[in-house]
Amino acid sequence: MQHIVGALINGLGIIFGSLIGLLSGNRLSVEFRQQALRIIGIVVVLIGFKMAWPLPNAINTLLSLVLGLWVGSWLRIDDRLERLGRWAESRVGTAGFAKGFISATLIFNVGAMSIVGSLQNGLSGRFSILATKAVLDGTTSIILTSIAGWGVIMASVVTILYEGTLSLLASFLAPILRGVLLTDITAVGGLMIAAIGINFVLDNGTIKIGNLLPSLAFPVILVWLKNHGLYFL
């Protein structure tokens, strides 16, 4: 139990922030929500670029995103997530569930803090990184929920499962998720976060984020290829 305390705290932070957003959301005007969404988008873009910069290996990052997009498009991940979201909306009768859930899940879980914080908790029992992340995610979820709907609160479930699993597997993953690989994954994840921000600013789904999800696996593949003598830069 001690090794997943950080994941639970992070999830509770998202839930608490989302509930505040839900309770206060109806008091905000439509114009304010639209403008706030764009402002959040700008901040998310900057967070994503900060995560990705400086690109340690631009070629591998580009390959990861393009190949990941190709696989995601072939698997039609974004379409399947959209259908899942529409099904959930039909069950709960609330519009915007899919957008809030997918965007929040990626914002809260694609990044170095999730990985490093989970490894810290799993290996040492300390959860200072994930506790800090809980404050950041909770603050973000207040505003995001008031704009994108209650689908944001469901991202807490994914966050707890994802970070909890990483924490439990920490002793096996620590030797792998470090150094160049962690840097490459963070760069790819950062650009995916920036893409979410761009969609917020444009207030549409110009970039199909779901199709980019396989991109997170390609830094692992490319590092493996490099270790076996095949690399692109």
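The values are calculated or read from the model by the stated rules, or taken from the named source; none is laboratory data. Because the structure is a prediction, the values reported are computed rather than measured. Positions of Cβ are backbone-derived with ideal geometry, glycine not excepted, and every protein chain shown enters the neighbour counts.
Does SER29 satisfy the condition of being of a type in the set (Gly, Ala, Ser), exposed (fewer than 13 other Cβ atoms within 10 Å of the Cβ) and farther than 23 Å from SER118 by Cα? Break it down stepwise before answering.
Details: of a type in the set (Gly, Ala, Ser): yes; exposed (fewer than 13 other Cβ atoms within 10 Å of the Cβ): yes; farther than 23 Å from SER118 by Cα: yes.
Considered against the rule, which asks whether it is of a type in the set (Gly, Ala, Ser), exposed (fewer than 13 other Cβ atoms within 10 Å of the Cβ) and farther than 23 Å from SER118 by Cα, SER29 comes out as yes.
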All conditions in (1) touching a Gly at 6+ places or on another chain (Cβ under 7 Å); (2) closer than 25 Å to LEU75 by Cα are true of VAL201 except (2)
For the stretch 138-188, which positions are of a type in the set (S, T, N, Q) and closer than 22 Å to SER215 by Cα?
THR159, THR165, THR183, THR186
Restricting the search to the stretch 132-168, which residues are surrounded by 22 or more Cβ atoms within 10 Å (Cβ to Cβ), over 22 Å from ALA52 (Cα atoms), β-branched (Val, Ile, Thr) and under 13 Å from the mean Cα position of the chain (by Cα)?
VAL152
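SER171 - would you say it is crowded, with 19+ Cβ neighbours inside 10 Å, on the phi < 0 side of the Ramachandran plot and in a helix (DSSP H, G or I)? I'd like the intermediate steps shown before the answer.
Numbers: crowded, with 19+ Cβ neighbours inside 10 Å: no; on the phi < 0 side of the Ramachandran plot: yes; in a helix (DSSP H, G or I): yes.
So SER171 fails the test.
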Options ILE142, ILE115, ILE107; residue that is modelled with pLDDT under 90, of a type outside the set (Ser, Thr, Tyr), over 30 Å from PHE172 (Cα atoms) and in a helix (DSSP H, G or I)
ILE142
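With the requirement that a residue be of a type in the set (S, T, N, Q) and without any contact (Cβ under 8 Å) to a residue 24 or more places away in the chain, what does the stretch 181-233 give you? Please lay out each step first, then the result.
Our first condition is that a residue be of a type in the set (S, T, N, Q); within the stretch 181-233, this holds for 183, 186, 199, 204, 206, 211, 215, 227.
ASN204, THR206, ASN227 - these are the residues of the stretch 181-233 that are of a type in the set (S, T, N, Q) and without any contact (Cβ under 8 Å) to a residue 24 or more places away in the chain.
Please tell me if VAL201 is at pLDDT 80 or above, β-branched (Val, Ile, Thr) and touching a Pro at 6+ places or on another chain (Cβ under 9 Å). Before you say what the answer is, go through the steps one by one.
Numbers: at pLDDT 80 or above: yes; β-branched (Val, Ile, Thr): yes; touching a Pro at 6+ places or on another chain (Cβ under 9 Å): no.
No; evaluated as a whole, the condition is false for this residue.
Residue by residue through the stretch 1-58, note down the ones that are in a loop (DSSP other than H, G, I, E, B) and among the hydroxyl-bearing types (Ser, Thr, Tyr). Before you say what the answer is, go through the steps one by one.
Filtering the stretch 1-58 down to residues in a loop (DSSP other than H, G, I, E, B) leaves 1, 26-29, 53-57.
If the condition is that a residue be in a loop (DSSP other than H, G, I, E, B) and among the hydroxyl-bearing types (Ser, Thr, Tyr), then SER29 is the only one that fits.
Kindly indicate whether SER128 is small (Gly, Ala, Ser), touching a helix residue (DSSP H, G or I) at 6+ places or on another chain (Cβ under 6 Å) and modelled with pLDDT of 75 or more.
Values: small (Gly, Ala, Ser): yes; touching a helix residue (DSSP H, G or I) at 6+ places or on another chain (Cβ under 6 Å): no; modelled with pLDDT of 75 or more: yes.
Considered against the rule, which asks whether it is small (Gly, Ala, Ser), touching a helix residue (DSSP H, G or I) at 6+ places or on another chain (Cβ under 6 Å) and modelled with pLDDT of 75 or more, SER128 comes out as no.
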